[in-house]
Amino acid sequence: MSLLLFNAFGLAATPYTYNWDESRILHLPLESNHKTNISSYLETYVDSSGNLTIQDFLNPANKFIFKPNTDRYTPRHENKTIWARLQVENVSSLNNEWKLIPHHASTTEYFIANSDANKHYLLSDMYYYSPNGEINSQQTGSEIPMNERTESALSPVVSFSLRKGESATIYLKITTGSKESSTGKILLDISPAQEFEQAEKIEFAFQSMFGSVMLFTTLFALILFFAIRDKSMLFLACISFFALLYCWEASGMNKMVLFRNGSVYFLAFMSVINQAGGFISGYFFYTSILPMKEEAPRLRKIFATLTFLQCLMALFRFLTQNNLLPLDVLHFAAILWFICMLTVVVYFLIKKNRQAKFLVFATTLLVVCAVLTGLALEHIVPDIFQRAFQTGMVVYIILLGVGAIDKVRQIRIEKEKLIREQNIMLEHKVEERTRELNSEKEKSDELLLNILPSETAHELKKHGKSKARSFEKVTVLFTDFKNFTKVSETLNPEELVETIHHIYSEFDNIIHKHNVEKIKTIGDSYMAAGGLPVMNDTNPQDVVNAAIDILQFIEHEKQIKIAANEPYFDIRIGINTGPLVAGIVGKKKFAYDIWGDTVNIASRMESSGEPGKINISGSTYELVKDQFVCKYRGKIQAKNKGEIDMYFVEGRK
């Protein structure tokens with residue numbers, strides 16, 4: 001905001017005369033009761049020395065040539081003193097008071113002269129005459145602390161009053177600086193005092209409402225930041241806060257509410273903070289909401305460079321007191337910054353970025369509102385558009401917030417989608433792994449069932465151990481090959497193992513067919529039992545049937561070997577029925593085994609038999625004699641058992 005200083009001096013009654021062009025006399029009141037620009041009624045004189053006083057202009061001996069207020073007087077970065085004068089006349093039938101509102105000047109002094117009964121007097125104060133010749137001063141200005149102003153108002157103003165039919169000449173001593181009007185001429189508005197005060201109340205209410213809205217958006221963005229932890233919300237809060245300070249600085253609200261005692265340098269420093277904070281917050285917000293780092297790194301570097309230069313130039317102007325860097329340069333840099341910002345959002349809009357839609361609309365709206373406000377300040381468009389920038393700023397912040405929230409929502413949707421996809425993938429992997437585990441479990445169960453009876457295996461898996469059990473009637477089968485050592489010597493190890501594997505695999509099939517449980521193999525000896533681990537009454541018949549099938553299989557294999565002139569095996573089979581104990585022994589490489597005299601007798605049945613014969617004990621014979629043809633052998637001596645009744649099974653009945 002421009003630095004404006006107003007001083008009104010009162011002098012003793014000093015007559016003076018001058019001739020005015022009637023067309024340049026401002027007749028009051030005007031047709032409009034609103035604030036009106038009267039710059040065209042001003043006449044100006046450039047004080048090159050800067051040493052002239054009001055007395056010099058009131059001295060009839062001095063001839064100063066005033067020109068119409070249309071020229072561009074000085075570059076923005078130079079300081080010069082310009083005197084302007086205005087002739088006013090109250091043509092109404094009432095006494096009236098008016099407010100003068102200057103624009104774009106560093107300092108301004110006001111001097112007012114009245115004419116009454118062909119006598120000219122200087123108005124000693126804005127509100128009363130001073131016949132004693134005292135000099136009174138009135139001070140106001142946009143960068144003067146509010147508590148030092150004669151009038152507390154958002155706009156720098158000076159007041160004067162005229163009685164009916166009264167006229168006055170107003171002199172303005174203006175020192176131009178780096179913040180003068182962009183038109184290059186002195187700008188001056190006039191407004192009836194009552195209308196001005198009403199407009200001030202409306203403006204103050206508007207600025208208060210604007211501040212409330214901006215503070216609300218700032219706090220709301222901060223709350224969202226702490227709630228969702230998205231950094232774009234923090235940058236949005238900063239944009240809203242610095243925008244509030246900037247707009248209040250431009251309107252004078254900051255001195256009215258925040259910095260009533262702030263010095264010129266403090267206010268200038270706060271202006272730098274506002275500018276730098278706004279540009280930096282804008283940069284970080286746009287780079288956080290748009291994927292510039294990944295998709296537009298060059299634009300991001302240009303954007304960052306312009307932001308840095310903008311802040312650097314604002315600080316440089318403050319340190320040099322605005323004397324070395326023209327304001328045009330700062331404005332040009334700001335325009336470049338906005339162009340770069342628009343380029344970025346348009347670039348992402350072309351790439352169909354969802355958030356770019358909000359940003360393009362918001363940024364374009366803000367730029368349009370800023371242009372309208374600038375035109376209104378230059379009185380090119382109606383004054384109502386002076387609030388366009390602040391109104392647009394509120395909408396701009398809201399749209400940025402909507403864009404940021406939409407971005408967070410899109411990220412959450414993408415995260416949820418990714419989580420769903422990962423869950424589906426994980427479920428597939430779990431299902432696949434479960435199938436693999438089930439397959440491995442089936443393999444391990446199958447392997448365990450190959451080692452142990454199914455009931456014993458289930459018990460072992462469930463409890464981690466299996467108890468030994470007693471069985472009252474179990475039929476035990478033993479087989480043994482005749483001349484196994486002699487035959488094995490004619491085969492190499494691979495052939496021997498392959499032959500044994502082939503034979504025992506068929507034995508496994510046969511006993512499984514007849515519900516007989518394989519116990520174990522010991523070298524060339526094969527042991528199986530019926531009636532365990534699940535008890536039944538048919539185990540003697542089951543085992544004998546299995547023995548007949550085994551014998552037939554070996555005989556078939558023998559004939560094949562003889563035909564091929566290869567060595568072959570003969571087999572002895574022994575069977576006994578009786579009580580025994582069965583269970584698992586050991587902690588490692590455990591196996592299901594059986595113990596008892598029944599087992600020993602079955603082994604003696606095998607060793608006491610003959611090749612190609614099934615030798616059974618008397619206990620087994622008594623249980624199977626009705627189903628099988630048996631031949632009594634008599635009492636045969638068995639090792640460590642004495643004489644035992646033995647029978648050969650000839651076949652099935």
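The values are calculated or read from the model by the stated rules, or taken from the named source; none is laboratory data. Everything numeric here is computed off the predicted structure, so don't read it as measured data. Ideal geometry is used to build each Cβ from the backbone, glycine not excepted, and the neighbour counts take in all protein chains shown. Please note that ligands, DNA and RNA were not included when accessible areas were found on the heavy atoms of the full protein model with its side chains. Shrake-Rupley method; radii C 1.70, N 1.55, O 1.52, S 1.80 Å.
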Fill in: In region 67-84, the residues that are open to solvent by less than 70 Å² (accessible area, probe 1.4 Å), part of a strand (DSSP E or B) and either closer than 29 Å to A250 by Cβ or modelled with pLDDT under 80 (or both)
T81, I82, W83, A84
Worksheet entry | Residues (open to solvent by 40 Å² or more (accessible area, probe 1.4 Å) and either small (G, A, S) or more than 30 Å from R387 (Cβ to Cβ) (or both)) located in region 251-298 | S263, K293, E294, E295, P297, R298
Practice prompt. Within region 493-521, track down each residue that is touching a residue at least 12 places away in the same chain (Cβ under 8 Å) and open to solvent by 70 Å² or more (accessible area, probe 1.4 Å).
Written response: K513, N515
Worksheet item: Taking L623 and the conditions (1) open to solvent by 30 Å² or more (accessible area, probe 1.4 Å); (2) in contact with a helix residue (DSSP H, G or I) (Cβ under 6 Å, 6 or more places away or on another chain); (3) closer than 30 Å to H502 by Cα, which numbered condition does it fall short on, given that it satisfies the others?
Response: (3)
Item to complete: Return the total of residues in region 382-409 being open to solvent by 50 Å² or more (accessible area, probe 1.4 Å) and in a helix (DSSP H, G or I).
Response: 11
Discussion item. Condition (residue is more than 40 Å from the chain's Cα centre (by Cα), at pLDDT 85 or above and open to solvent by 30 Å² or more (accessible area, probe 1.4 Å)) applied to region 179-193: is it met by at least one residue?
Written reply: yes
Discussion item. Looking at S2, S93, can you tell me which residue is modelled with pLDDT of 65 or more and not in a strand (DSSP E or B)?
Written reply: S93
Worksheet item: For region 207-239, which residues satisfy the criterion of being open to solvent by 20 Å² or more (accessible area, probe 1.4 Å), in contact with a Gly (Cβ under 8 Å, 6 or more places away or on another chain) and closer than 23 Å to M256 by Cα?
Response: T217, C238
Worksheet entry | Selected residue (only one of L418, L449 is open to solvent by 80 Å² or more (accessible area, probe 1.4 Å) and either modelled with pLDDT under 80 or more than 18 Å from Q355 (Cβ to Cβ) (or both)) | L418
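Each row is one residue, and each column tells you yes or no for (1) polar (S, T, N, Q); (2) open to solvent by 30 Å² or more (accessible area, probe 1.4 Å); (3) modelled with pLDDT under 80; (4) more than 60 Å from the chain's Cα centre (by Cα).
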site: G10; (1), (2), (3), (4): no, no, yes, yes
site: Y16; (1), (2), (3), (4): no, no, yes, yes
site: I25; (1), (2), (3), (4): no, no, no, yes
site: L28; (1), (2), (3), (4): no, no, no, yes
site: N33; (1), (2), (3), (4): yes, yes, yes, no
site: N37; (1), (2), (3), (4): yes, yes, no, no
site: E43; (1), (2), (3), (4): no, no, no, yes
site: V46; (1), (2), (3), (4): no, yes, no, yes
site: S49; (1), (2), (3), (4): yes, yes, no, yes
Item to complete: Kindly establish whether A376 is more than 31 Å from the chain's Cα centre (by Cα) and crowded, with 16+ Cβ neighbours inside 10 Å.
Response: yes
Worksheet, complete the sentence: Going through region 214-248 in order, the residues found to be in contact (Cβ under 8 Å) with a residue 60 or more places away in the chain, closer than 16 Å to G277 by Cα and not polar (S, T, N, Q) are M214, M233, L236, I239, A243, C247
Worksheet item: Is region 589-597 home to any residue that is closer than 28 Å to K639 by Cα, charged (D, E, K, R) and either open to solvent by 50 Å² or more (accessible area, probe 1.4 Å) or free of Cβ contacts under 8 Å to residues at least 12 places away in the same chain (or both)?
Response: yes
Discussion item. Go through region 530-556 and report how many residues are in contact with a Phe, Trp or Tyr (Cβ under 7 Å, 6 or more places away or on another chain) and open to solvent by 40 Å² or more (accessible area, probe 1.4 Å).
Written reply: 1
Worksheet item: Name the pairs: first residue in region 479-492 and closer than 24 Å to K613 by Cβ, second residue at pLDDT below 80 and open to solvent by 40 Å² or more (accessible area, probe 1.4 Å), Cβ to Cβ under 7 Å, at least 6 apart or on different chains?
Response: none
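To keep it simple, each residue is scored yes or no on (1) at pLDDT 85 or above; (2) not in a helix (DSSP H, G or I).
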position: L330; (1), (2): no, no
position: A334; (1), (2): no, no
position: T343; (1), (2): yes, no
position: Y347; (1), (2): yes, no
position: I380; (1), (2): no, yes
Item to complete: Scan I594, I573 and give me the residue that is of a type in the set (A, V, I, L, M) and within 17 Å of N483 (Cβ to Cβ).
Response: I573
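Conditions tested, residue by residue: (1) closer than 23 Å to Q275 by Cβ; (2) in contact (Cβ under 8 Å) with a residue 24 or more places away in the chain; (3) of a type in the set (D, E, K, R).
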{"residue": "Y347", "(1), (2), (3)": "no, yes, no"}
{"residue": "F358", "(1), (2), (3)": "no, yes, no"}
{"residue": "L365", "(1), (2), (3)": "yes, yes, no"}
{"residue": "L372", "(1), (2), (3)": "yes, no, no"}
{"residue": "A376", "(1), (2), (3)": "yes, no, no"}
{"residue": "V395", "(1), (2), (3)": "yes, yes, no"}
{"residue": "L400", "(1), (2), (3)": "yes, yes, no"}
{"residue": "G403", "(1), (2), (3)": "no, yes, no"}
Worksheet entry | Candidate set: region 299-310, residues that are buried (at least 18 other Cβ atoms within 10 Å of the Cβ) and under 11 Å from A334 (Cβ atoms); chosen: the one nearest to the chain's Cα centre (by Cα) | T307
Worksheet item: Among the residues of region 599-619 satisfying the criterion of being of a type in the set (A, V, I, L, M, F, W, C) and not in a helix (DSSP H, G or I), which is nearest to V649 (Cα to Cα)?
Response: I614
